[in-house]
Amino acid sequence: RKPLTLHRDFKPANILLDGSLTAFLCDTGFAKAVRRSGDTRLLDTTTGRIVVSRGYADPDVVNGEYSELTDGFAVGITLLVVLTGRDALSIEDECE
């Protein structure tokens, strides 16, 4: 079974479009292949802090857990940003 690849920084700024509007996911610096039961923590190894893009991070990421569901959360926020024209933090604030 192939390992799961987590992007871990999905947001509009990391989606590039070519001339025919084909989308490409970029900025894969945080991407990680993990086993489904493996360690999925997103840590800055120099400080031990969790690294996230504010507004796109699932609350589970802030607690140190990362999975395909947290990438899915970021995809959902990205869709809301694109469809509403609002920034991720204002969407998050309104939902709280």
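The values are calculated or read from the model by the stated rules, or taken from the named source; none is laboratory data. None of these values were measured; they are calculated from a predicted model. Cβ coordinates were reconstructed from backbone atoms using ideal geometry, including for glycine residues, and neighbour counts include every protein chain displayed. The area values use the complete protein model at the heavy-atom level, side chains included, leaving out ligands, DNA and RNA. Shrake-Rupley method; radii C 1.70, N 1.55, O 1.52, S 1.80 Å.
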Exercise for the section: Could you tell me the accessible area of F73 in Å² (1.4 Å probe, neighbours in place), rounded to the nearest ten? Expected result: 80
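Assuming R0 = 25 Å, can you tell me the calculated FRET efficiency for the pair C26 and L79, based on Cβ-Cβ distance, to the nearest 0.05? Please list the in-between numbers first.
On the way: r = 18 Å, r/R0 = 0.71.
It comes to 0.90.
So how do D18, D9 rank on accessible area, 1.4 Å probe, biggest first, that is with the largest at the start?
Numbers: D18 60, D9 10 Å².
So the residues, ranked largest to smallest area, are D18, D9.
Once you have the Cα-Cα distance between R54 and L69, take 0.36 nm times their residue separation minus that, and quote the gain in nm to one decimal.
Working: separation 15, 0.36 × 15 = 5.40 nm, distance 1.68 nm.
Gain on stretching R54 to L69: 3.7 nm.
Which net charge results for the neighbourhood of L79, defined as the other residues with beta-carbon distances under 15 angstrom from its beta-carbon, given Lys and Arg at +1 and Asp and Glu at -1?
Details: positive: K11, R86; negative: D58, D71, D87, E92.
Counting the neighbours of L79, the net charge comes to -2.
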